[in-house]
Amino acid sequence: MKSVIQHLAILGGQRAFSEPLHVGRPNIGNREKLFERINDLLDRRWLTNNGPYVQEFEQRIADYLQVKNCIAMCNATVGLEIAARALGLQGEVIVPSFTFIATAHALQWQEITPVFCDIDPLTHNIDPLRVEALITPRTTGIIGVHLWGRPCAIEALEEIARRYNLKLMFDAAHAFGCSHAGRMIGNFGQVEVFSFHATKFFNTFEGGAVVTNDDELAGRIRLMTNFGFEDTDRVIYIGTNGKMSEVSAAMGLTGLDSLDEFIAANRANQAAYRAGLAGLPGVRLLDYNPTESNNYQYVIVEVDETLSGITRDDLVDILHAENVLARRYYYPGCHAMEPYVSRLPAADIHLPETARLTRRVMSLPNGTTVGAAEIDEICALIRLAVNHSQELQPLLRIAAAAPVVCSQS
Ligand SMILES: Cc1ncc(COP(=O)(O)O)c(C=O)c1O
């Protein structure tokens, strides 16, 4: 464990980790079972197009979430696009900017304008108090994002949607296995969309799911996911190809068998981070509501430079040099990326909380490939940097001007 700043890799010391530690290294369940399923699907030669594994996967997800309909997808981005189209969204849709770019792009891809709303600095989620001011005659809906798996202000958004006759859907990419008011995420708004991308705690390589309790909407989404085919040779809508493949469903079924184990690992890691960072000035670890189900996937740290004496960016650089690949999720915010930034170059002014948070937040490694020993070391590195921030500042500037090649451990 490093205890003097001269040993930091960014200043020329040995890296703390010989292998990179990723934020979202994939969890893999029982390999034998996975290979068994892959052998099965190869024997069947039914590789895609609503095969038996996809059907079983959809049923298991629907049962787990207690939701009426689940349509498995090739990824969540296409899921969001299809859900938005099936809902009839057009014109303008209100979304947070503090999210992964896919939330905004899924709208813009079909010429729907995402209108960015600021967030509540405590929850990091869309601030319902700011939504109403953004509603115009062109607004058709709201997309809430359950960022970090923590449910956004669902009831407040439902109330606004009802009052203005707007559609409401949720980007639940982070929130598989999470609940709100005792009900699993997946049951709120008209439709919710999960991501099962490899970086998510539960993955199908690439994949996602659109879930809804509205049977009619589910039927439309299912058709749109398969080119609009109602039957062989009969297309009744414009559709696309959003289908999940059998091999992805095989991975998903295998992951579902180990879901409790994945969540338990994340939860234990969260507790280790909390203990390791306790009392450190200006370093706040986001918490999860203990009375609800959570997947505990995202280890989110907010760095307040005025108290920690060090910026989030310097901490990220220090950790990267040690092979801890902390991420600046979600920097710089959708509004600061193309095509949105060209359209509204001064959007930061209207999104002060988003702008502030994008400069403060970092995400740390979690999952079954990370354990207490690694977390102790990561926390010790952060402590070292914060506790010696004054001495460190000038050395970091020198190191930035003439980067050192750190020795391999
Ligand atoms: C909030 C959010 N929405 C949407 C997506 C898109 O998911 P996918 O990669 O499955 O298309 C992601 C992916 O990381 C995400 O974090």
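The values are calculated or read from the model by the stated rules, or taken from the named source; none is laboratory data. Here the structure is a predicted model, which is why all the values come from computation and not from measurement. Neighbour counts run over all protein chains shown; Cβ positions are idealised from the backbone, glycine included. For accessibility, only protein heavy atoms count, side chains too; no ligands or nucleic acids. Shrake-Rupley method; radii C 1.70, N 1.55, O 1.52, S 1.80 Å.
Computed about the Cα centre, the dipole magnitude for the chain is approximately 400 debye when only Lys and Arg (+1) and Asp and Glu (-1) carry charge, each at its Cβ. With contributions of -39500 (n - 2.57) from each DSSP H run of at least four residues, the per-residue ellipticity at 222 nm computed over the chain stands at -12000 deg cm²/dmol.
Taking Cα centre as origin and charging only the Cβ of basic (Lys, Arg, +1) and acidic (Asp, Glu, -1) residues, the dipole magnitude of segment 305-409 rounds to 300 debye. Here segment 72-113 is scanned for amide nitrogen atoms under 12 Å from the site 7 Å beyond the Cα of MET337 along Cα-to-Cβ, giving 97-106. For a paramagnetic label modelled on GLN66 (point 7 Å from Cα along Cα→Cβ), amide N atoms under 13 Å away belong, within segment 179-202, to 179-188. For the chain, the solvent-accessible area of protein heavy atoms averages 43 Å² per residue (probe radius 1.4 Å; ligands and nucleic acids excluded).
Under 5 Å between amide hydrogens, built in the peptide plane, is the criterion, and for LEU168 it picks out ILE142, GLN190 among residues at least 5 positions away or on other chains. Need one word for the chain: rounded, prolate or oblate. Basis is the Cα gyration tensor (sqrt eigenvalues a ≥ b ≥ c); a/c below 1.5 gives rounded, then a/b vs b/c decides. Judged from the Cα gyration tensor, the chain comes out oblate (a/c at least 1.5, b/c at or above a/b).
Between ARG31 and ARG267, the FRET efficiency estimated from the beta carbon spacing at R0 = 30 angstrom works out to 0.80. Could you tell me what percent of the DSSP beta bridges with both partners in the chain are antiparallel, to the nearest 5? The answer is about 55 percent antiparallel. Put simply, the amide H of HIS180, placed in the peptide plane, has neighbours under 5 Å in ILE185, leaving out anything fewer than 5 places away on its chain. So for the pair GLU111, GLN14, with labels modelled 7 Å out along Cα→Cβ, what separation do we get in nm? Reported label-point gap for GLU111 and GLN14 is 6.1 nm.
Between SER389, LEU47, ALA16, the Cα set farthest toward the positive side of the dipole of the chain (charges on each charged residue's Cβ, about the Cα centre) is that of SER389.
Taking all protein chains together and rolling a 1.4 Å probe, HIS22 ends up with roughly 80 Å² accessible. Here the dipole of segment 1-79 is about 280 debye; that uses its Cα centre as origin and unit charges on the Cβ of Lys and Arg (positive) and Asp and Glu (negative).
Classification of segment 112-264 by its C-alpha gyration tensor yields an oblate form. The axis ratio a/c (a ≥ b ≥ c) is 1.5 or more, and b/c is at least a/b. The residue list PRO96, ILE61, LEU364 was ranked by how far each Cα lies along the charge dipole of the chain toward its positive end, using unit charges on Cβ atoms, and LEU364 comes out on top. Between ALA275, ASN226, GLN190, the Cα set farthest toward the positive side of the dipole of the chain (charges on each charged residue's Cβ, about the Cα centre) is that of ALA275. Phi angles across segment 217-234 convert, under the Karplus curve 6.51 cos²θ - 1.76 cosθ + 1.60 with θ = phi - 60°, into 3J(HN,Hα) values of 4, 4, x, 5, 5, 4, 5, 5, 6, 10, 6, x, 6, 8, 7, 4, 6, 10 Hz, Gly and Pro given as x. Phi-derived couplings, Karplus 6.51 cos²θ - 1.76 cosθ + 1.60 at θ = phi - 60°, listed residue by residue for segment 141-156: x, 10, 10, x, 10, 8, 5, 6, x, 9, x, 6, 6, 4, 5, 5 Hz, with x used for Gly and Pro. When the chain is modelled as a GNM with alpha-carbon springs shorter than 10 Å, which of ARG360, ARG138, ARG222 fluctuates the most? Between ARG360, ARG138, ARG222, it is ARG138 that shows the largest mean-square fluctuation.
Centroid-to-centroid, using Cα positions, segment 251-311 and segment 55-112 are 26 Å apart. Can you list the lysines whose alpha carbon sits under 29 Å from that of LYS167, skipping same-chain ones fewer than 8 residues off? LYS167 reaches LYS68, LYS200, LYS243. Would any residue of segment 53-92 have its amide N under 16 Å from a label point 7 Å out along Cα→Cβ of ARG44? List them or say none. It comes to 53-61, 72-73, nothing else. Restricting attention to segment 1-148, close to 10% of DSSP beta bridges with both partner residues there are antiparallel. When the chain is treated as a GNM with alpha-carbon contacts under 10 Å, the residue of THR99, THR77, THR311 showing the greatest mean-square fluctuation is THR311.
Within segment 141-296, antiparallel bridges make up roughly 55 percent of the DSSP beta bridges whose residues both belong there.
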